[in-house]
Structure formats: C-alpha cells, structure tokens
C-alpha cells in the first residue's frame, strides 16, 4: 500500500522503493548465511541474490532488495563491495508469503565489516 | 486520295500534344478559378515558438520572483508527509468507494492493491512530487522543466501560454501544467490527466477530471520549496482536498537515469503481476 510505499524504516533510512512494500513483513527479521550469487548495482534498486542452504540442505536463492545506489554510496557501498562467491551473512525483513528473500537490513562481509543502508553520521 | 507529307503529319501531331499539354497544365488553375472562394485554404499560421526557443526566452517579461533551478528532495516529516491522504470526513463517489474498500481489505490481508507504480505505470501528479527521489528543476522565463529521478518522469510547467484546447490536448499522468506569477507565489494549474492506472493515494483513484492547483513559494532563504496543494476530482471525491508539502534543496545531489525494468520486477514477489490484487 502507499501507506508503506517508500516507507521509512524504523532506523530512519529511506527506502527508495518503486513499488508497494505490502509484501514485506516489517515486524520480522531473518538472518541467513550463504554465497553471493549476484550483486546487482543499479537503479531503481540494487539487490543481492544469495544462495542459502535450507533446513533440508537444499540451496535456495534469496532475493534481497536494497535501496538505490545513490543512497548506498552515502552508506559506503560500491559496486565491488560484494562479489559473486563471497560468503556473507545477511539480515532481511522477510517476504510475507514465505518466498526466500526480503528487504535488506544489513550484511556482514567476509572481512567482518557490517554494512547497512544508513549513511555515516556527519561529524 | 490525299497524301500528307511527313512534315505536315509531324506538325499536326506536335500541335495536338501541345494542346493537350496546355489544357492539362491549365486545368488546376481553371478549376481553382471556378471554385467557390470559401474553399480556398488560408495560409497556415506560423507555429508558436517553443518554450526553449531563444527568441521566446528573450521576450521582455517581468523578472521571476524566484528561481527553482536546482535539485530538490521531498522533506518527509510529520507536517509534510509523502502521502496525499484524504482529509478527515472525506466523502468518495460510489465508484471510488469500491476501490477504497478493496484497498483497505487488501491491506488488512497483507496484500497489495493495484500497485500500478510497481508495474511500471507512471506515478503521475500528485504522487510523483513526493517520491523519495530527488527532482531536478530547470527554470526559464517560459517554462520550468522538472525531471524526477524516479523513472525520470518529465513534467513541464509552461509560463508562456494558456491551457491547450481540450480538443487537441494530449492527456498524460502528469497532466498539462500552466503557471503564472502572483506576487511572490507561482501558481500552477494542472488539468488533462490520464484517468486510469493513476492514484492519489492507496485505493483513491485519480480520474481524468482531476484538477490540481499548486501555490509554490520559496522559503527559508531559498533552501526550502513549499507547495500548497488544492485538488478536486468530482469523479472521485466531493469538494477540495488540501495539503502543504516541503522540499529541501540538495546541492550535493544529481539525478541519474532510472527506468522500470521487467527483470527487476520479476525478481520480487511484491511486483510480480500475479501477486497483485486487481
């Protein structure tokens, strides 16, 4: 719904969505570890495809929607921040219908850095 | 039996050819002379100068009270919400009420109701003004060009002309915007919208009868743009709805090319067509 379209995440980070976010369960978060299949750096959204083994050991691809590169740049992201094959841990607000994936919250990179969409505070 | 000489036959043939030729050539002129005067086509008037024509921009005009040229980002806040939500006590027309009720039901069930923007339809006025994307504005004496980074939606506010003849105007999601200066305020009147796949708020459709008036002021020493909206749409709701929104000048921003990509939509449940409540 438009009530949540372009909504502001609790932390105050704007989500430059081009669509309704009604399919996102904002009351939940899920954290998964997997292998980066693709990191798409583009407008209107960047996204991460993350291959994650489920409880039965079957690999599922999680589609993780991010904000636009314009905002990500201010949060320290570059197109090379994630590379195919990187093993990362991601936290998302999950899709309501159980489809693997959701709205990006944060990711822990192989070197231990935690990346969000929030711009660094201006001194 | 009479025998004509070859020269005489040649002369006769040439005379015949020339006569036919002259008649053929004179035919249109003769027909034009005989035609009623009322059918004569007037010479077409020269088309008016475009808004960017140097000769148009150079015409003498009073100086504009302010210049919006720059990049602006809607200031989402408690007093300047990105939604154009209906006011207290609003009353919808029966056909709009159907959409509104369906949207509330979908929302309660955690579904999406006619998220046309997510399906790549233009946001259109008024929603295009409050996306969480910057808008680049370029002001000339004759027009203001607004390009939202969101899907690079183009909106032109003409300052050098009245509204078009309704019989020839080409409708659009952003409508036809005509501006005029009233003291320190720019008043923009926008009409002629496309009335399908176009929304004012969730479940509140924008019809082809929508009429938007924006009173634009530059405040906060040029760092804030304030627009007071008055919208009427007799096919959707009774009376007029009013809001005031603000935009901050963001001098450290440029806008980029942004398109709606089918493969991006296929990537997410929220934008797959089958997931949308129609």
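The values are calculated or read from the model by the stated rules, or taken from the named source; none is laboratory data. Just so you know, these numbers come straight off a predicted model, no measurement behind them. Using ideal geometry, Cβ is built from the backbone for each residue, glycine included, and neighbour counts are taken over all protein chains shown.
Brief remarks follow.
- Against the test of being touching a strand residue (DSSP E or B) at 6+ places or on another chain (Cβ under 9 Å) and farther than 27 Å from residue B:256 by Cβ, the options B:155, B:171, B:131 yield a single qualifying residue, B:171.
- Out of B:51, B:78, sole residue that is within 13 Å of chain A (Cβ to nearest Cβ) and either over 23 Å from residue B:138 (Cα atoms) or within 23 Å of the chain's Cα centre (by Cα) (or both): B:78
- Among the conditions (1) under 24 Å from residue B:242 (Cβ atoms); (2) within 20 Å of the chain's Cα centre (by Cα); (3) surrounded by fewer than 22 Cβ atoms within 10 Å (Cβ to Cβ); (4) more than 14 Å from chain A (Cβ to nearest Cβ), residue B:92 misses just one, which is (2).
- When residue B:98 is tested against (1) at pLDDT 95 or above; (2) farther than 14 Å from residue B:201 by Cβ; (3) loosely packed, with under 13 Cβ neighbours inside 10 Å, just one condition goes unmet, and that condition is (3).
- Odd one out for residue A:67 among (1) surrounded by 14 or more Cβ atoms within 10 Å (Cβ to Cβ); (2) more than 11 Å from the chain's Cα centre (by Cα); (3) outside any strand (DSSP E or B): (2)
- Across the range A:91-111, the number of residues qualifying as in a strand (DSSP E or B) and without any contact (Cβ under 8 Å) to a residue 24 or more places away in the chain comes to 2.
To keep it simple, each residue is scored yes or no on (1) within 14 Å of chain A (Cβ to nearest Cβ); (2) in a loop (DSSP other than H, G, I, E, B); (3) touching a residue at least 12 places away in the same chain (Cβ under 8 Å).
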{"position": "B:151", "(1), (2), (3)": "yes, no, yes"}
{"position": "B:174", "(1), (2), (3)": "no, yes, yes"}
{"position": "B:179", "(1), (2), (3)": "no, no, yes"}
{"position": "B:189", "(1), (2), (3)": "no, no, yes"}
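- Residues (assigned to a loop (DSSP other than H, G, I, E, B) and more than 30 Å from residue B:132 (Cβ to Cβ)) located in the range B:53-90: B:53, B:58, B:59, B:60, B:61, B:62, B:63
- Criterion applied to A:87, A:37 was being at pLDDT 95 or above, surrounded by fewer than 16 Cβ atoms within 10 Å (Cβ to Cβ) and out of contact with any helix residue (DSSP H, G or I) (no Cβ under 9 Å at 6 or more places or on another chain), and the one residue passing it is A:87.
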